[in-house]
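Report on the structure given below.
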Amino acid sequence: MKFRIIILAGILIAAGSLQARELEFRKLSWDEARKAAAREHKLIFVDGFTEWCYWCKVLDKEVFTNTDVIDFMDAHYVCIKLDMERDFGRTMAMKYRVNSYPTQLVFNNAGKLVYTAMGYSPAAAFLEKMSKPVEPSQQIEYRGISEAMDPGFPQFYKAAFDVNGKREFPDSATVLTFLDAQKDLKSEIAWSVMQRFPDKLSPKYADAVFHDGVSLAGLFGKNEVNNVVEQILFARMNNAAAAKDANAFHQVISDAGTYMLADTEWVMPQLKIKYYEKTEDWKTYADETERDFSKYNFSNANAINEASWKLYEKCNDRAILLRAIKWMTNAVDLDPSYAVVDTYAALHYKVGMYADAEKYANQAIETGKKSNTDVKSTEALLEKIKIAKETSRQ
């Protein structure tokens, strides 16, 4: 019996070890990581995270524990983690303009950046991303990045990379005064400032980004430049919406077609949808949203839910709300989660379909309770539904 218990304990320990397997992030200094990569003929992978980043934690839990990811990364990379708000991680964030998290940085064994990617991706998509720089032909030459970790960044730029909650951001005058003194707007320092503060750029400097986009992409990467162009476009769209200036908005759409280096298929519809949302043109908002959803066969339940909830909150046109219910029917089939079913119930209530509203409110409450979600708002909605249902019978 004792022998069998020992064997069983050994099996349980082994099973626990397999279950706990995760990607090894080495505790190395930057110089040590470079030496290890050179010695092992590998690339360096930097997982840029912050302590408060939700998707960074999801990446740790769901991707860095995936066997295929672990095997691939171990075979091709020396992996290290860096908190982008502290110590050398903060220095690297300033140098390589890391503004969102998680961010993945890939370096060759000489410490030269050859690839960047932003955001969370599930295991299969993450592997697809990380397989690209393994092929030398897929590595990117960032010709505008110098070897110096601090080529002379201004203090106001550095202050914007402090710990979340302690960061300090400059006003437009500070940014513009600095840019006015630069002889070369395509220098590493000038570009870093424009990339970090695109919302502070005057039309002069925003237009410079537009017109020099291809040249800047050759220096700092197409994705990074494209992201700045995108932010400028959305800022101009917001200004046009605030002024309800249709001509200015149409110019934004024209500029998107001219100056975006990629992703126009995504950006164009979103610019339109956001503009019509901000100007509360709900008919056109619904038209553009439906057109966007139809391109993807209404396959994104979260996006459908978000758009439909906006209509529930702000739109009183019954015909438009009925269109949202039609979208949500598909979303509920795709993802009958609490948030989705709750929106479905709310829309039925708002158009006076009380029996269906009651049914879906109860379903949402039941689903929410199973996942330990706070369902008080739906319970309050259910009471309103019952009162309205009873009143309609009188």
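The values are calculated or read from the model by the stated rules, or taken from the named source; none is laboratory data. Please read these numbers as outputs of a predicted model, since none were measured by experiment. Using ideal geometry, Cβ is built from the backbone for each residue, glycine included, and neighbour counts are taken over all protein chains shown.
What to note about this one:
Let's see how each residue does on (1) over 26 Å from the mean Cα position of the chain (by Cα); (2) basic (Lys, Arg); (3) within 17 Å of Asn302 (Cβ to Cβ); (4) at pLDDT 95 or above:
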{"position": "Arg323", "(1), (2), (3), (4)": "yes, yes, no, yes"}
{"position": "Asp335", "(1), (2), (3), (4)": "no, no, yes, no"}
{"position": "Ala346", "(1), (2), (3), (4)": "yes, no, yes, yes"}
{"position": "Gly352", "(1), (2), (3), (4)": "yes, no, no, yes"}
{"position": "Lys359", "(1), (2), (3), (4)": "yes, yes, no, yes"}
{"position": "Glu383", "(1), (2), (3), (4)": "yes, no, no, yes"}
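- Criterion (out of contact with any helix residue (DSSP H, G or I) (no Cβ under 9 Å at 6 or more places or on another chain) and more than 19 Å from Pro198 (Cα to Cα)) met by exactly one of Ser308, Ser294, Ser299: Ser294
Rundown of residues vs (1) closer than 30 Å to Lys278 by Cα; (2) outside any helix (DSSP H, G or I); (3) aliphatic (A, V, I, L, M); (4) touching a Gly at 6+ places or on another chain (Cβ under 9 Å), yes/no style:
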site: Tyr312; (1), (2), (3), (4): yes, no, no, no
site: Asn316; (1), (2), (3), (4): yes, yes, no, no
site: Ala319; (1), (2), (3), (4): yes, no, yes, no
site: Ala331; (1), (2), (3), (4): yes, no, yes, no
site: Val341; (1), (2), (3), (4): yes, no, yes, yes
site: Glu366; (1), (2), (3), (4): no, no, no, no
site: Lys369; (1), (2), (3), (4): no, no, no, no
site: Asp374; (1), (2), (3), (4): yes, yes, no, yes
site: Glu390; (1), (2), (3), (4): no, no, no, no
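- Whichever residue in segment 245-296 is under 28 Å from Ala319 (Cα atoms), of a type in the set (S, T, N, Q) and assigned to a helix (DSSP H, G or I) and, among such residues, is farthest from the chain's Cα centre (by Cα): Thr284
- Residue match in segment 43-62 (condition: assigned to a helix (DSSP H, G or I), among the acidic types (Asp, Glu) and modelled with pLDDT under 95): yes
- Within segment 256-275, residues that are surrounded by fewer than 16 Cβ atoms within 10 Å (Cβ to Cβ) reach partners that are modelled with pLDDT under 95 with beta carbons closer than 6 Å, at six or more positions or on different chains, in the pairs Ala262/Asn226.
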